Amino acid sequence: MKEFGQFNIVGDATPVLSALADFGTGAGGPLMSEHRFGGDWTEIKLAKLEKYLRAYRTIFSGNPRARHFRTWYVDAFAGTGSRTRTDTPRVSPSALFGSDVYEDVDTKRYRDGSAKIAVALPDPFDNYLFIDKSAGRIKELERAIETERPALHPRCAFEHGDANDVLKQWCRERDWTKERAVVFLDPYGMQVEWGMVATLGATKAVDLWYLFPLGVGVARLLTRDGNIDESWAKRLDTTFGTKDWRSRFYETTQQEGLFGQMETVERDASEENIQGFINERLRTCFAGVAKGRILRNSKSNPMYSLCFAAANEKGAPTAIRIAKDILSD
């Protein structure tokens, strides 16, 4: 019996590995204990990402049928790779979809560290793409990798720019019959545009981990009375790729009052409803989607939903079973 994470495989594991190789994912592997990036909510995200990346590389290096694929790890909001704390105040909702909300206390504590975990894997990816809108941060990350992981530096591409534009172009340049990728979207706020997510799904070769801004973003913009600033509404349209969020989160009813009919607006912006909606949206362009895991801050307030989606139709059922195991652990 061979063990792959929490899955016990009786007999020859080759058929399972072959199936996994078709879409470029794998069962969970052991975690690295030396990476400590802060509180529990930070560690959950990073530990689950690391577990998945280790398993992914185990499949592609150990299965002969998978070796012909060139594997990529893409970190679309890479930052500097080093996590530091800040005591600056939380930003306003409108800044959540601006050029940078790096000063947000909860976001700052939450997001960094994934780039360095990816390059520290014992079995590294064939290629890496790191993107950040800040020229200073992406240069700092490149210097860090060149110093700390010089052998991997030639495998890495560092792009200064909008992740939405960079990833769309990157997808167009790939030969997806020969390449596979894990893409990690860890935005500062609500910078991820649905058009880019749909482009990733259209590759039929990308496994997506998306840190969706459930509480830190979407819930902040959904006002109680439904009167939402036009710029906020447009950002929600861009985030979900549809205007259907209006009917999903708000219900308008007519009631008879003393002065005739009155219109009442009821909001359902619960974390379960928001998470359910983004899962439904992901299913429109990915072959399989796992239920996201809600991640909370020290006050138990929901901040993000850690979502997983698999683009390859053949392998999606197995990919989702593995992702569910990682997310529920």
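Laboratory data are not the source of any read-out in this text; all were calculated from the coordinates shown. If you're wondering where the values come from, they're calculated on a predicted model, not measured in any experiment. Please note: Cβ atoms are built from the backbone with ideal geometry, for glycine as well, and neighbour counts cover all protein chains shown.
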(message) Take GLN254 and ASP325, extend 7 Å from each Cα along the Cα→Cβ direction, and tell me the distance between the two endpoints in nm.
(response) 5.5
(message) As an exercise, use a Förster radius of 51 Å and the Cβ-Cβ distance of GLU173 and GLU272 to find the FRET efficiency, rounded to the nearest 0.05.
(response) 0.85
(request) Set the Förster radius R0 to 45 Å, insert the Cβ-Cβ distance between ASN301 and ARG65 as r into 1/(1 + (r/R0)^6), and round the FRET efficiency to 0.05. (result) 0.50
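Over 22 Å between Cα atoms, which of LYS51/LYS116; LYS168/LYS291; LYS45/LYS116; LYS291/LYS314; LYS204/LYS291 qualify? All intermediate terms of the calculation are to be shown ahead of the outcome.
On the way: LYS51/LYS116 14 Å; LYS168/LYS291 25 Å; LYS45/LYS116 14 Å; LYS291/LYS314 19 Å; LYS204/LYS291 20 Å.
Pairs exceeding the cut-off: LYS168/LYS291.
Taking other Cβ within 10 Å of each residue's Cβ, how do THR42, THR177 sort, fewest first? Let's see the in-between values first.
Details: THR42 19, THR177 9.
Least to most surrounded, the residues fall as THR177, THR42.
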(request) For segment 194-202, take each phi angle, set θ = phi - 60°, evaluate the Karplus expression 6.51 cos²θ - 1.76 cosθ + 1.60, and give the result in whole Hz per residue in order, putting x for glycine and proline. (result) 4, x, 6, 4, 5, 5, 4, x, 5
(request) Return, ordered by residue number, the residues of segment 223-237 whose backbone nitrogen is under 18 Å from a label point located 7 Å along Cα→Cβ of LYS243. (result) 223, 226-237
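For segment 142-224, what class follows from the C-alpha gyration tensor (a ≥ b ≥ c being the square roots of its eigenvalues): rounded when a/c is under 1.5, otherwise prolate if a/b is larger than b/c, else oblate?
oblate
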(request) Please list, or write none, the lysines whose alpha carbon is within less than 17 Å of the alpha carbon of LYS243, excluding same-chain residues fewer than 8 places away. (result) LYS234
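Given a Förster distance of 35 angstrom, what is the FRET efficiency for ASP229 paired with HIS160, based on the Cβ-Cβ distance and rounded to 0.05? Don't jump to the answer; show the numbers that get you there.
On the way: r = 30 Å, r/R0 = 0.86.
It comes to 0.70.
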(request) Pop a pseudo-label 7 angstrom from the Cα along the beta-carbon direction at both ASP123 and THR284 and give the gap in nm to one decimal. (result) 3.7
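Sorting THR264, THR58 on the 10 Å Cβ count, fewest up front, what's the list?
Working: THR264 10, THR58 21.
In order of increasing Cβ crowding within 10 Å: THR264, THR58.
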(message) Of ALA316, GLY276, ASN297, which is farthest towards the positive pole of segment 262-329's charge dipole, taken about the Cα centre with +1 and -1 on the beta-carbons of Lys, Arg and Asp, Glu respectively?
(response) ALA316
(request) List MET303, MET262 from most exposed to least, where exposure is judged by having the fewest other Cβ atoms within 10 Å. (result) MET262, MET303
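Add +1 for every Lys or Arg and -1 for every Asp or Glu among the other residues with Cβ under 9 Å from the Cβ of CYS307, and state the total.
Working: positive: LYS291, ARG293; negative: none.
Surrounding charge for CYS307 is +2.
Pick out, in residue order, every one of the chymotrypsin sites (Phe, Trp or Tyr not before Pro) in segment 239-329 that is DSSP loop and has at most 11 other C-beta atoms within 10 Å; say none if there are none. Walk me through the intermediate numbers first.
Values: sites: PHE240, TRP245, PHE249, TYR250, PHE259, PHE277, PHE286, TYR304, PHE308; in loops: PHE259, PHE286.
Those satisfying the criteria are PHE259.
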